[in-house]
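Below is one structure; the comments refer to it alone.
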Amino acid sequence: MPVLEEIKEALMAGNANKVREAVTRAVEEGVPPGTIINDGLIAAMNIIGVKFKNNEVYVPEVLVAARAMHAGMDVVKPLLTGDALQEKGTMVIGTVKGDLHDIGKNLVIMMMEGAGFKMIDLGIDVPPEKFIQAVEEYKPQVVGLSALLTSTMMQMKKTVEALAPYRHAIKVIVGGAPVTQKFAEEIGADGYAPDAASAVDKVKELLGLA
């Protein structure tokens, strides 16, 4: 379907206006909204994710592509009826207490949205209690903890411990510059991701969607 290829190419080029135009045309041509999202927007973001992981594109390109994806989503979202947007799952994410960094977290949000997940962003400096409230309110399948400072890594441990009563229903994934696979295992997290594209793969793997 040429229009879907056009959407993908425009998105990978980061051209928000072209994405908006191509999505609008796809809607006019009667392409189902779910097809536009899955075979156009998400398919293109998946390619960006692979390129990002292989160092073929960098953070600025990912941000521009994500912006273009949102431009397309804005056109198609009002047309979705209940089941058309089959969200793969819900993820709550936040930067742990004492840490004010959010670039990595925001990249993960964009990549996860690009992969079809509903994202609940708790922001920065998030105490364990706030993660618990969000788990009770949104019933996510995954909780993501981000930290950029070595000094706030222990807040990850505290948060993982605080989430213990909910672990039968959620997977906890951690990431950030000082975080390692070994540290993730030590604090009892289910997964670790060194970057945003890997986070998508890890979450899919944890949820059996890979």
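Specify the longest stretch of the chain that does not include any exposed loop site, a site being one of the GluC sites (Glu not before Pro) with a non-H, G, I, E, B DSSP assignment and at most 12 other Cβ atoms within 10 Å.
88-210
Mind pulling the angle between the C-alpha long axis of helix 196-206 and the longest principal axis of the chain? Nearest 10 degrees, somewhere in 0 to 90.
For 196-206 against the chain, the angle is about 80 degrees.
Using Cα centres only, tell me the gap between the range 167-210 and the range 90-124 in whole Å.
13 Å
Please give the helix 128-138 orientation as an angle from the longest Cα principal axis of the chain, in degrees from 0 to 90, rounded to the nearest 10.
Around 40 degrees separate the two axes.
So what are the radius of gyration and Dmax for the Cα set of the chain, in Å?
When restricted to the Cα atoms of the chain, Rg and Dmax are 17.5, 54 Å.
So how tilted is helix 59-76 from the main axis of the chain? Cα-based, degrees 0 to 90, rounded to 10.
Long axis of 59-76 versus the principal axis of the chain: about 60 degrees.
Here, each number is a calculation from the coordinates, and none is a lab measurement. Here the structure is a predicted model, which means the values were calculated and not measured. Quick reminder, even Gly has a Cβ in these numbers, built from the backbone with ideal geometry, and neighbours come from all protein chains shown.
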